[in-house]
Amino acid sequence: MNGLMMHQPLLVSSLLTHAERHHGRQEIVSRRVEGDLHRYTFSDLAARSRQLAQALEALGVQPGTRIATLAWNGYRHLELYYGVSGSGAILHTLNPRLHPDQLEWIVSDAEDTVLFFDLTFLPVIEELAPRLTSVRHFVLMSDRDHLPDPAGPILAYEDLLKAQDGMYDWPEFDEAAASSLCYTSGTTGNPKGVLYSHRSTVLHSFAVALPDSVGLSARDTVLPIVPMFHVNAWGLPYAACMVGAKVVFPGPDLDGGALYDLQETEQVTVSASVPTVWQGQLQFVKRRHLRFTTLRRAVIGGAACPPAMLRELEETHGVTVVHGWGMTETSPFGTASVLKNTHLQAKPEERYAVQGKQGRCVFGMDLKIVDDAGRELAWDGVSAGHLMARGLWVMSHYFGQADNDPLVDGWFPTGDIATIDPDGFMQITDRSKDVIKSGGEWISSIEIENIAMGHPDITTAACIGVRHPKWDERPLLVAVRKRGSDVSAEELRAHFEGKMAKWWIPDGVVFTDSVPMGATGKMLKAPLRERFQDYLIDVGPDAAQLPSSP
């Protein structure tokens with residue numbers, strides 16, 4: 001016997017309908033590529049999204065059609081989030097930091113038929129357009145005054161909307177239908193597409209808004225610095241509509257000073273970004289002896305939050321750090337390091353140790369760790385194993401690869417090595433491909449990097465495993481000094497004393513001007529391993545005298 005309850009499909013358009021009806025006057029503020037500050041409301045967003053849906057129909061877009069975007073965080077991009085998915089088409093966000101050849105491959109693989117782009121990327125489109133054979137329409141996300149001369153095949157976004165009256169009803173369809181498409185960063189081989197459903201997106205929005213994750217409400221002003229082209233800005237554009245939070249978009253300028261000014265002017269309470277962007281803000285406020293006056297929560301993900309950054313935000317600025325973990329395949333929310341009641345009376349160092357972990361699951365997400373044979377390991381905070389995930393917003397197959405099952409007994413292998421403590425807090429100790437195995441024992445490159453980043457003279461640190469004549473592999477630290485610093489390798493190695501087992505301390509330190517970064521702001525260790533793989537062998541045996549391995 002079924003329950004006698006209404007059935008309403010979980011659709012992306014329902015988030016916007018709710019925002020319009022119940023939070024219609026709430027503001028959305030955007031720094032535009034055109035150089036000005038744009039303001040409007042959720043009611044305006046809903047009206048223009050309906051016009052956009054009509055415009056897509058006029059262009060011949062059918063349900064299931066892939067619609068690409070090459071754009072920064074802004075109100076027009078948000079209209080595409082809702083207008084495209086709400087109409088039954090599929091939103092496909094492209095990462096503009098990728099090489100044009102990679103963009104060509106991804107657009108071809110997705111078979112995108114319309115491509116919307118910001119003014120910034122006009123040169124890229126003019127170069128790529130002849131090569132994007134599946135794309136029938138190119139739309140500049142501005143008005144006709146900003147079209148190139150001659151415009152050629154490029155349409156103006158505002159013209160498309162002006163031609164429609166907005167009298168449009170959002171269609172109702174199966175909640176299992178695809179809503180958006182994101183591609184993995186593709187650090188090895190070609191990127192792979194992850195196809196989200198309307199159901200998974202709405203459930204993911206609930207998870208993001210929960211108090212045990214980002215904790216959004218109608219009282220918040222949220223600044224998604226994390227790009228809307230990177231895993232849908234961690235779901236914040238959807239969650240903000242769900243709860244009616246004010247939204248502030250930074251546009252293309254992610255300089256520390258520009259972000260600080262925007263946060264203060266708009267009284268932002270929640271901001272989300274990767275550690276490198278947070279570092280830029282902290283350096284700016286420190287140089288000018290400023291403080292964050294309205295910011296209450298700093299959501300940090302994409303890479304491990306350095307302990308020194310956590311302490312600075314918490315102690316200097318009174319900002320609570322929400323350290324999170326996720327990946328494209330998990331929509332991306334996986335865990336958040338929100339303290340439990342049992343941690344509230346703990347000493348600061350103990351609290352920071354918990355917050356420094358990647359966090360715990362909310363309902364709808366589950367994790368486990370297994371050994372090489374697939375046996376589940378204990379949640380003791382010590383046993384490290386392969387991290388497996390499953391849940392209501394975790395993918396089952398990659399786009400276009402229905403015959404290739406990536407799951408293991410219904411669990412997705414994340415490629416991370418992790419521990420889980422008795423309270424359920426997960427901590428990434430390494431990527432499977434980055435873990436250092438010395439004398440048969442694992443060494444965490446992430447822990448080494450975190451300690452190195454705690455040194456006052458270091459801005460960036462990457463730890464890699466390199467060849468060793470006796471132990472097979474040993475850790476080498478590649479570090480970037482702060483401007484004006486002359487800290488030595490010996491001094492930096494001494495910084496590790498007493499903070500970890502002696503046999504974990506890097507055998508060598510190499511200073512460099514920069515560490516290679518990928519398109520999503522993550523360190524690329526493969527080029528470093530290729531460059532330095534024989535470092536300890538080449539420098540001779542005197543540099544390879546090691547403490548005994550356990």
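Inspect the stretch 340-348 for any residue being over 26 Å from residue 435 (Cβ atoms), in contact with a strand residue (DSSP E or B) (Cβ under 7 Å, 6 or more places away or on another chain) and either in the same structural domain as residue 441 (by TED's automatic domain parsing) or touching a residue at least 40 places away in the same chain (Cβ under 8 Å) (or both) and give the result as yes or no. No: the stretch 340-348 contains no residue that is over 26 Å from residue 435 (Cβ atoms), in contact with a strand residue (DSSP E or B) (Cβ under 7 Å, 6 or more places away or on another chain) and either in the same structural domain as residue 441 (by TED's automatic domain parsing) or touching a residue at least 40 places away in the same chain (Cβ under 8 Å) (or both).
Quick one: would you say residue 48 is surrounded by fewer than 24 Cβ atoms within 10 Å (Cβ to Cβ), more than 17 Å from residue 239 (Cβ to Cβ) and touching a Pro at 6+ places or on another chain (Cβ under 8 Å)? Spelling it out, it is not the case that residue 48 is surrounded by fewer than 24 Cβ atoms within 10 Å (Cβ to Cβ), more than 17 Å from residue 239 (Cβ to Cβ) and touching a Pro at 6+ places or on another chain (Cβ under 8 Å).
Of all residues in the stretch 375-418, those satisfying the criterion of being over 15 Å from residue 328 (Cβ atoms), in contact with a Leu (Cβ under 6 Å, 6 or more places away or on another chain) and crowded, with 19+ Cβ neighbours inside 10 Å are 385, 418. Just to be sure, is residue 487 part of a loop (DSSP other than H, G, I, E, B), surrounded by 14 or more Cβ atoms within 10 Å (Cβ to Cβ), within 23 Å of the chain's Cα centre (by Cα) and of a type in the set (A, V, I, L, M, F, W, C)? No: the conditions fail for residue 487. Of all the residues in the stretch 57-69, those that are of a type in the set (A, V, I, L, M) and crowded, with 24+ Cβ neighbours inside 10 Å number 2. When residue 372 is tested against (1) surrounded by 22 or more Cβ atoms within 10 Å (Cβ to Cβ); (2) in contact with a Gly (Cβ under 9 Å, 6 or more places away or on another chain), only condition (1) is not met.
Residues considered: 274, 226, 231, 247. Of these, the only one that is within 19 Å of residue 93 (Cβ to Cβ), outside the structural domain of residue 496 (by TED's automatic domain parsing), surrounded by fewer than 23 Cβ atoms within 10 Å (Cβ to Cβ) and within 20 Å of the chain's Cα centre (by Cα) is 274.
Residues in the stretch 161-182 include none that are at pLDDT below 95, within 30 Å of the chain's Cα centre (by Cα) and closer than 30 Å to residue 527 by Cα. The criterion of at least 1 residues that are among the β-branched types (Val, Ile, Thr) and more than 22 Å from residue 357 (Cα to Cα) is met, among helices (runs of 4 or more DSSP H) falling completely within the stretch 200-315, by 236-243, 256-266, 275-287. Is it the case, given these coordinates, that residue 359 is within 23 Å of residue 195 (Cα to Cα) and touching a residue at least 60 places away in the same chain (Cβ under 8 Å)? The answer is no for residue 359. Can you name the residue in the stretch 254-271 that is surrounded by 17 or more Cβ atoms within 10 Å (Cβ to Cβ) and among the small types (Gly, Ala, Ser) and, of all such residues, is farthest from residue 332 (Cα to Cα)? Looking at the filtered set, the residue picked out is 258. Check the stretch 62-69 and report whether any residue there is among the basic types (Lys, Arg) and part of a helix (DSSP H, G or I). No: zero hits.
Of the residues 298, 304, 272, 336, the single one that is closer than 30 Å to residue 524 by Cα and at pLDDT below 95 is 304.
The values are calculated or read from the model by the stated rules, or taken from the named source; none is laboratory data. Note that the structure is predicted; figures quoted are calculated from it, not measured. FYI the Cβ positions are ideal-geometry reconstructions off the backbone, even for glycines, and counts take in every protein chain you see.
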